[in-house]
Amino acid sequence: IQTVPIQKSVLMSRDNIRWFLQQLPALVDEGVLTPEAGAGLRRYYDERLGRDSRSWAFISFAILGGALIGSGIILVLAHNWEQFSRPLRALISVLPLAAAQALAAWVMRDRSDSPAWREGVAAFWVASIGSSIALISQTYNLGGTFSSFVLTWTMLSLPIVYLLRSSVATAL
């Protein structure tokens, strides 16, 4: 019997691994595999699901995309900032923060298993905290030092690390 070589990437695709993991209980129940062998295969393929090199690229692009979109919005607003009234400036300053919190709530509820979503939203949320503090301080001339600004920003951003299990929020 001649075997046909199969590419490793086809065998180790996430969809194939998920399908196989769904089939494992039936294989154990029908006696094709012993319970110990089924448990060993489950451990082996669970580890493979956790180590996907494409997920790091996806996470990186999610973070980059969030940063670029946020930067574009900031540039558009900065160009027209002087024409806005103080209350409108305050509202614009807080909107990204509210959007980040709403997005984080959705991610924690529906996408908590996706590191790309968690890291991207965490980066957006941390940036929105800093920008909101800075813009409100500038709009209402609150003053303060750079060190107090950074301390306030850090303390307000600290819960994000734990809520979204984010390493990017830790780095920022």
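The values are calculated or read from the model by the stated rules, or taken from the named source; none is laboratory data. Quick caveat, the model's predicted, so the values are computed rather than measured. With ideal geometry, Cβ positions are generated from the backbone for all residues, glycine too; neighbour counts draw on all protein chains shown. Accessible surface areas use protein heavy atoms only, side chains included; no ligands, DNA or RNA. Shrake-Rupley method; radii C 1.70, N 1.55, O 1.52, S 1.80 Å.
Note on the chain: helix-only mean residue ellipticity at 222 nm, from DSSP H runs of 4+ residues weighted -39500 (n - 2.57) and normalised by residue number, equals -26500 deg cm²/dmol.
In the range 15-172, the portion of solvent-accessible area held by carbon and sulfur atoms comes to 66 percent [1.4 Å probe, whole percent, DNA, RNA and ligands not counted].
Relative to the longest principal axis of the Cα atoms of the chain, the long axis of helix 35-50 makes an angle of roughly 30 degrees. Solvent-accessible area per residue in the chain equals 69 Å², computed with a 1.4 angstrom probe and all protein chains kept. Loop-located GluC sites (Glu not before Pro) in the range 25-92 (DSSP state other than H, G, I, E, B) with a sparse environment of at most 15 neighbouring Cβ atoms within 10 Å: Glu30. Between Ala26 and Glu82, the simple spin-label model (points 7 angstrom out along Cα→Cβ) gives 7.0 nm.
Modelled label positions at Arg18 and Trp106, each set 7 Å beyond Cα in the direction of Cβ, lie 2.0 nm from each other.
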